[in-house]
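Please read the structure below before turning to the comments.
The values are calculated or read from the model by the stated rules, or taken from the named source; none is laboratory data. What you see is a predicted model, and the numbers here were worked out from it, not measured in a lab. So basically every Cβ, Gly included, is an ideal-geometry build from the backbone, and we count neighbours across all protein chains shown.
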Amino acid sequence: MKPFLFRLACVVCLLLSGAAGLMLSLHREHDTTSTLLPATPNGVQTIQTFHYPESFSEQLKHNPHPGEAVFHQYCHSCHDVHPVIPIHAPTVADKAAWRALSKVGMAQLVAISAQGVAAMPARGGCFECTDKQLQQAIVYMMKRAGVDFSD
């Protein structure tokens with residue numbers, strides 16, 4: 001009789017922990033859906049995000065490394081070592097690509113960044129960034145790639 005009660009107790013504990021886990025996951029799902037917007041017609045779920053250009057511009061003014069800040073805010077999604085958006089943009093790990101880009105000249109690289117190219121939007125999406133801040137982001141990426149750009 002004792003082994004039966006032990007097994008029954010184990011089954012009851014497993015059922016209760018499973019039920020608790022299900023309730024917790026449902027509660028978390030409910031919490032995260034409050035920031036989700038309705039699905040688009042093609043079924044893609046969107047997330048509401050916030051961007052405050054004025055405060056970012058103010059932060060850049062007082063940042064000793066504005067190029068790095070712009071990179072982490074805008075450029076890293078496509079240009080980081082392991083990009084979140086793999087669109088074959090030159091990553092900071094690709095020294096050969098950045099060396100080739102450095103031969104184009106900084107003025108031309110800033111102009112290309114400001115205009116946008118291929119999948120990259122104009123100004124890399126940083127519409128509040130000045131040309132100087134774009135240049136600082138480019139220099140930061142080149143340094144991360146191990147390319148010394150002297151203009």
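Below are the figures for this structure:
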read-out: Filtered residues of the stretch 112-150 (kept if loosely packed, with under 14 Cβ neighbours inside 10 Å and either outside any loop (DSSP other than H, G, I, E, B) or modelled with pLDDT of 95 or more (or both)); value: Q115, V117, A122, D131, K132
read-out: Yes/no for V12 being farther than 30 Å from T130 by Cβ and at pLDDT 75 or above; value: yes
read-out: Which numbered condition A97 misses (of (1) touching a residue at least 12 places away in the same chain (Cβ under 8 Å); (2) surrounded by 18 or more Cβ atoms within 10 Å (Cβ to Cβ)); value: (2)
read-out: Positions within the stretch 136-147 being of a type outside the set (A, V, I, L, M) and over 13 Å from E68 (Cβ atoms), in sequence order; value: G146
read-out: Matching residues, the stretch 101-151, being within 20 Å of H72 (Cα to Cα) and of a type in the set (S, T, Y); value: S113, T130, Y140
